[in-house]
1. Assuming GLY324 fulfils every condition listed in (1) part of a helix (DSSP H, G or I); (2) surrounded by fewer than 24 Cβ atoms within 10 Å (Cβ to Cβ) apart from one, which condition is it?
2. With respect to VAL332, is the statement that it is without any contact (Cβ under 8 Å) to a residue 24 or more places away in the chain, within 24 Å of the chain's Cα centre (by Cα) and more than 30 Å from LEU210 (Cβ to Cβ) true?
3. Could you pull out every one of the helices (runs of 4 or more DSSP H) wholly within the stretch 341-417 that has 3 or more residues that are buried (at least 24 other Cβ atoms within 10 Å of the Cβ) and touching a helix residue (DSSP H, G or I) at 6+ places or on another chain (Cβ under 6 Å)?
4. Among what's in the stretch 174-218 and is closer than 13 Å to ARG81 by Cβ and without any contact (Cβ under 8 Å) to a residue 12 or more places away in the chain, pick the residue that is surrounded by the most Cβ atoms within 10 Å (Cβ to Cβ).
5. Counting just the residues of the stretch 129-149 that are among the hydrophobic types (A, V, I, L, M, F, W, C) and within 12 Å of the chain's Cα centre (by Cα), which one comes out farthest from LEU367 (Cα to Cα)?
6. Is it true that GLY179 is small (Gly, Ala, Ser), in a loop (DSSP other than H, G, I, E, B) and farther than 30 Å from ARG140 by Cβ?
7. For the subset of the stretch 114-136 comprising residues that are buried (at least 24 other Cβ atoms within 10 Å of the Cβ) and over 30 Å from ALA359 (Cβ atoms), which member is modelled with the highest pLDDT?
8. Return the only residue of LEU205, LEU153 being at pLDDT 65 or above and over 25 Å from ARG10 (Cβ atoms).
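The values are calculated or read from the model by the stated rules, or taken from the named source; none is laboratory data. Fair warning: this is a prediction, and the values are worked out from it, not measured in the lab. Cβ atoms come from the backbone with ideal geometry, glycine included; neighbour counts cover every protein chain shown.
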Amino acid sequence: MPGTLEDLPRLQAQRRVMIVLVAAQVLSGAGLAAGVTVGALLAQDMLGSTSLAGLVSALSIAGSALAAVTVGRISERYGRRPGLAAGYLAGALGSAGIVVAAMVGNPILLLAAMFVYGAGTATNLQARYAGADLAPAARRAGAVSTVLVATTLGGVLGPNLAAPTGDLAHALGIPYLAGPFLLAGAAYTMATVVLAGWLRPDPLLLANALDAERAASHPQADDAGGRPPTAAGGRRPGVLVGALVMVVTQSVMVAIMTMTPVHMQDHGHGAAASGLVIAVHIGAMYLPSPLTGWLVDRFGRLRIAAASALVLTAAGIVAANAPGGSVALFAVALALLGLGWNFGLVAGTTIITDAVPLATRARTQGLVDVSIAIAGATGGMASGLVVAASGFPLLAVGGGILALAIIPAVVAATRTR
């Protein structure tokens, strides 16, 4: 392993980092999707209540929020490698706890393990920032999008292994629904090993070292990432705008996505139709990432952030006006919903990375991801209340209108540049 900064140029280091991150994301994506596939079903079976099954999701999101802060703080102090590895290790331990809880039939242990399991979700999302640490400013969005799309590969694999892992669990004397968590634990463990063993050089530590070296030799030059120096006050709008974009897109996406299968069921559609629509939605969330990264780098962060608001609004309008019997239109609506979320996440992530200095970048990113997790939980809980009180069309249109809040924020940020 090269021992000096000169031996390991930035672009060479970035290529190695991206290869390792992609491998870890494929593994963690499988772990994430495998657990999500049956988590609520396992909770319903063990708790004996459909209403309490939603508690599992809430605890997982709460664990995700705490892990986002923790991973961010560890990364800031010690680097991305220990931060991400610790997060995935926690996800593996949570998966193991869920399996044990299912074996002994202990609901309390199940809920506690679900909280810890949420760390895997937060870490999977935090990894996108590591892809941008060494990337030049003109290619940051592309790096973020590459890490995101890698998650899709594992995300597709995980659910398809739910049945085989369930059969394996049954053969081992473990409850069938705990099987996917065996896969989740193994996948998170392998992701931990990949990151701990091969994420060298650490992208954040190397970026800090290069930035300090550059500042010492060229005090008036741009930073190592290519961002022109600005006054501290000039960075704040970027952080706020980036966070707002991701918080709004997350809350709108989760709210409409959560209630679409319920709305479809009310109109006589079965699990197969709902599953197809959700599959289209998840594909639209991640698969366009390379194109989105190119668009953000080519046309600017703020323009694509504004585009995310328009696409989410279109998704809400289509969903609200889709006839109850039209699976195709629901699929179109949720494809737009996923695409709008993807635009917002890639643009918002890049805005945050551009705006925050390296010294405090990881901690700020962790705090932003906490707000994203809270927004998702709030959107999910509020969606049921809105639909119960006023119906699905109002929820869909309301979500589209809420998404438009991104536009004035983008306009204001543009005027202050």
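1. So GLY324 meets the others, but not (1).
2. The answer is yes for VAL332.
3. Counting at least 3 such residues, we get 361-390, 392-403.
4. VAL193
5. VAL149
6. Spelling it out, it is not the case that GLY179 is small (Gly, Ala, Ser), in a loop (DSSP other than H, G, I, E, B) and farther than 30 Å from ARG140 by Cβ.
7. Only one residue tops the list, namely TYR117.
8. Answer to the selection: LEU153.
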